[in-house]
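J.: I have a structure I would like to understand better, so I am pasting it below and will then ask my questions one at a time.
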Amino acid sequence: MVSRVITPFERRKDVHTDSASFSGLNLTKRPRRNRRADWSRRLVREVELTANDLIWPLFVVDGVHDVEVNAMPGVIRRTVENAVREAEKAAALDIPAIALFPNTDPALRDETGSEAHNSRNLICRATRAIKAAVPEIGIITDVALDPYTSHGHDGLVRDGVVLNDESVAALVEQAINQAAAGADVIAPSDMMDGRVAAIRAALDREGFHDVQIMAYAAKYASAFYGPFRDAVGSNTTLKGDKRTYQMDPANGDEALREVALDLEEGADMVMVKPGMPYLDVVYRVKENFRVPTFAYQVSGEYAMIEGAARQGWIDGDKAMMESLIAFKRAGADGVLSYFAPRVAERLRQARA
Ligand code: PBG
């Protein structure tokens, strides 16, 4: 595997082809020295990616058949039974946590997203089944109404307006339903104002003091969510866009204000989403707050890498690993990525 390394001693004899005197350059600083050999590159490496940095978002579907996601080649919606198998696989790969998202039967979607409050809904059943079979893996559940509403919005809608305070009340109820099913981490992705404080208060009131909150604190109104909406089936239901609650991609300072609010309201961890186009935001959040900070490499980012790789246009495995180390370099403590099991497998092979 390792090609023969040229030692500095041998290189000294190389003066005729690569030396200061030959080129006329007077270089006292040569950053390339540290990059000369694999051992040296490993020695000076600043950040490291491990399985501990990964959260795996997993789609679940009703029925007895797994269903592939069109816009995300290689990503499969799992039946509850098979989701348990996938969680076992993730745990065996030392992935600390999975994030569950439901593809709700269209017949169960309505104006208010009432299925979100059903204690036997898809997410609650998956959570209970995974908790029972794989108690060592963390389960993160998504709080937002979009997989349950007939209009595809994350909150309640009246006269074309996505309501804030009424939506928060519904989201609180949804969060309690998920905590009761055994969720370890509640992750509000809805971007309503005040929802973290309301969810925290309700969790504490109901005795769920130890249930954590991972706030989608800086979540942008992004075109990169397209394939996810295909996966959960909200691409056909969504009316309009989410720009009255998700953030404007032009804003960075505002992300810091959103994070500050969610932390004040009781968030245990914060997230920036999407990931790669927003690494500056990840960096600023980590620098300013020094709290557990996560980035979501969203569906569109996955689709771009995997789509190009399947065309033979980029080396998919290398692009995948590079994209993840970039999150670590920017300051993320962890990354939600659809590549999680593949990355964990790669890391394991590299160690073997
Ligand atoms: C919905 C939600 C979305 C994602 C996670 N939760 C989509 C949206 O806001 O429309 C996107 C994840 C992805 O694109 O991978 N509340």
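The values are calculated or read from the model by the stated rules, or taken from the named source; none is laboratory data. Keep in mind the model is a prediction, meaning the values are calculated, not measured. With ideal geometry, Cβ positions are generated from the backbone for all residues, glycine too; neighbour counts draw on all protein chains shown. Remember, those area values only see protein heavy atoms, side chains included, never the ligands or the DNA or RNA. Shrake-Rupley method; radii C 1.70, N 1.55, O 1.52, S 1.80 Å.
J.: Can you give the accessible area per residue of the chain, in Å², using a 1.4 Å probe? If you can, show how the numbers build up before the last one.
T.: Values: 17220 Å² over 352 residues.
I get 49 Å² per residue for this part.
J.: While we're on this one: Take the Cα gyration tensor of region 87-140, multiply each eigenvalue by 5, square-root it, and list the three semi-axes largest first, rounded to whole angstrom.
T.: Details: eigenvalues 138, 21, 13 Å².
Over the Cα atoms of region 87-140, the ellipsoid semi-axes are 26, 10, 8 Å.
J.: While we're on this one: Quick one: dipole size for region 54-351, taken about the Cα centre, charges +1 on Lys/Arg Cβ and -1 on Asp/Glu Cβ, in debye to the nearest 20.
T.: Details: 31 positive and 44 negative charges, 164 e Å.
Dipole about the Cα centre, nearest 20: 780 debye.
J.: Quickly estimate the mean residue ellipticity at 222 nm for the chain, helices only: each DSSP H run with n ≥ 4 gives -39500 (n - 2.57), and the total goes over all residues, rounded to 500.
T.: Working: 13 runs with 138 residues, N = 352.
Computed ellipticity for the chain at 222 nm equals -11500 deg cm²/dmol.
J.: Counting only residues 5 or more places away or on other chains, whose amide H sits under 5 Å from the amide H of Glu206 once H atoms are built in the peptide plane?
T.: none
J.: Kirkwood Rh, the chain, all Cα pairs: how many Å? Present the calculation step by step, with values, prior to reporting the outcome.
T.: Values: mean 1/r = 0.0460 Å⁻¹.
Answer for the chain: a Kirkwood hydrodynamic radius of 21.7 Å.
J.: A follow-up question, please. In nm, what is the difference between 0.36 nm times the number of residues separating Arg243 and Arg329 and their Cα-Cα distance? Don't skip to the answer; put the middle values down first.
T.: Numbers: separation 86, 0.36 × 86 = 30.96 nm, distance 2.96 nm.
Taking Arg243 through Arg329 to full extension adds about 28.0 nm, to one decimal.
J.: Shifting gears a bit: Taking every pair of alpha-carbon atoms in region 28-126, what share in percent sits in each 10 Å bin, from 0 to the bin with the longest distance?
T.: Binned Cα distances yield the sequence 13, 31, 22, 13, 11, 8, 2, 0.
J.: Relative contact order (percent) for the chain, with alpha-carbon contacts under 8 angstrom and 6 or more residues of separation?
T.: Values: 636 pairs, mean separation 60.4, N = 352.
Relative contact order comes out at 17 percent.
J.: How would you classify region 175-275 from its alpha-carbon gyration tensor, with a ≥ b ≥ c the square roots of the eigenvalues: rounded for a/c under 1.5, else prolate if a/b is greater than b/c, otherwise oblate?
T.: Values: a/c = 2.32, a/b = 1.35, b/c = 1.72.
Taking the square roots of the gyration eigenvalues as a ≥ b ≥ c, region 175-275 is oblate.
J.: Checking the table Lys242/Lys286; Lys219/Lys286; Lys89/Lys318; Lys29/Lys328 against a 19 Å threshold on Cα-Cα, which pairs fail? Working shown, then result.
T.: Working: Lys242/Lys286 26 Å; Lys219/Lys286 15 Å; Lys89/Lys318 22 Å; Lys29/Lys328 27 Å.
Over 19 Å apart, Cα to Cα: Lys242/Lys286; Lys89/Lys318; Lys29/Lys328.
J.: Further, regarding this structure: How large, in percent, is the carbon and sulfur part of the accessible surface of the chain at a probe radius of 1.4 Å? Working shown, then result.
T.: Values: 8870 of 17220 Å².
Carbon plus sulfur share of accessible area: 52 percent.
J.: Over region 218-333, what is the mean sequence separation of C-alpha contacts under 8 Å (at least six apart), divided by residue count, expressed as relative contact order in percent? Don't skip to the answer; put the middle values down first.
T.: Numbers: 136 pairs, mean separation 33.6, N = 116.
It comes to 29 percent, rounded to a whole number.
J.: On to the next question. Output the 0 to 90 degree angle, nearest 10, between the alpha-carbon long axis of helix 340-351 and the longest principal axis computed from the alpha carbons of the chain.
T.: Tilt relative to the chain: about 30 degrees.
J.: A further question on this structure: Let me see the P(r) profile for region 216-301: every Cα-Cα distance counted, bins of 5 Å, each bin given as a percent of all pairs.
T.: All Cα pairs, binned at 5 Å, distribute as 3, 15, 26, 23, 16, 11, 5, 1 percent.
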